[in-house]
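Just so you know, all these numbers are worked out from the coordinates, no wet-lab data involved. Every value quoted in this text rests on a predicted model; they were computed, and no experiment measured them. When we count neighbours, we look across all protein chains shown, and the Cβ atoms used for this are built from the backbone with ideal geometry, even at glycine.
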Amino acid sequence: MPYCSVNSIRIYYAISGAGFPLLLIHANPFDHRLWLYQIASFSTFFKVIAVDLRGYGHSDKPTSKTSLAMMAEDVLGVCRKEELKEAIVAGISVGGNVALQLSLTVTTTKLKEQPDQIRRAIRATLQGTSYFKKNRSEMVPFISRKLGVDTKEADELFDLGVKVFSNNGKISDEGLSVLLRQRDPKRQMRVKSSDFVDWSLLPGKTD
């Protein structure tokens with residue numbers, strides 16, 4: 001099994017296929033196996049590299065605090081070990097955040113010196129969210145099985161996920177309020193995500 005050591009943390013990753021590198025970063029609480037169907041499909045055309053983030057799957061599980069920057073550095077360590085000069089990067093949920101963090105980790109100077117290191121970063125959030133919303137009968141048992149909760153709680157978690165994310169990947173204002181109430185039910189806050197997020201950075205429609 002391939003591992004990469006970054007700052008004394010062993011990071012596991014699986015490689016399938018050959019071709020242009022496609023780097024897949026999973027969501028919480030899953031590991032690289034979340035991408036099994038995508039790996040089976042994309043490995044026909046790409047060299048697919050699916051990573052287990054630190055704390056997940058076969059990767060080391062440090063007891064110290066972990067940050068997105070650390071996870072991004074772990075992923076870059078995998079890229080360096082595999083001698084990737086460029087790659088397509090896709091991530092879901094926390095994996096999407098790590099993919100975005102990669103763009104911050106790859107500094108302006110590094111981009112000028114090594115413009116081919118990361119060809120483009122893409123997130124699978126939009127297609128994933130659409131699939132999630134359209135397949136309740138499949139997703140509820142999946143949530144129940146993966147999180148170890150009963151069907152009723154899995155059903156509630158599905159409804160929460162539908163409320164939180166809009167079809168274009170933005171966190172809706174209603175969804176943001178739902179998340180805030182989940183953290184502190186006593187506080188009934190009404191906020192707008194546009195107050196602190198520049199959604200113009202997202203391509204395409206903004207409905």
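Listing for the model above:
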quantity	calculated
Packing rank of 133-142, 12-21, where each peptide gets the mean count of other beta carbons within 10 Å, highest leading	12-21, 133-142
FRET efficiency, I15 to S41 (Cβ-Cβ, R0 22 Å, nearest 0.05)	0.90
Taking L22, L84 and counting other C-beta atoms within 10 Å, the order from fewest to most	L84, L22
Spacing of the two label points (7 Å from each Cα toward its C-beta) at K65 and K163, in nm	3.0
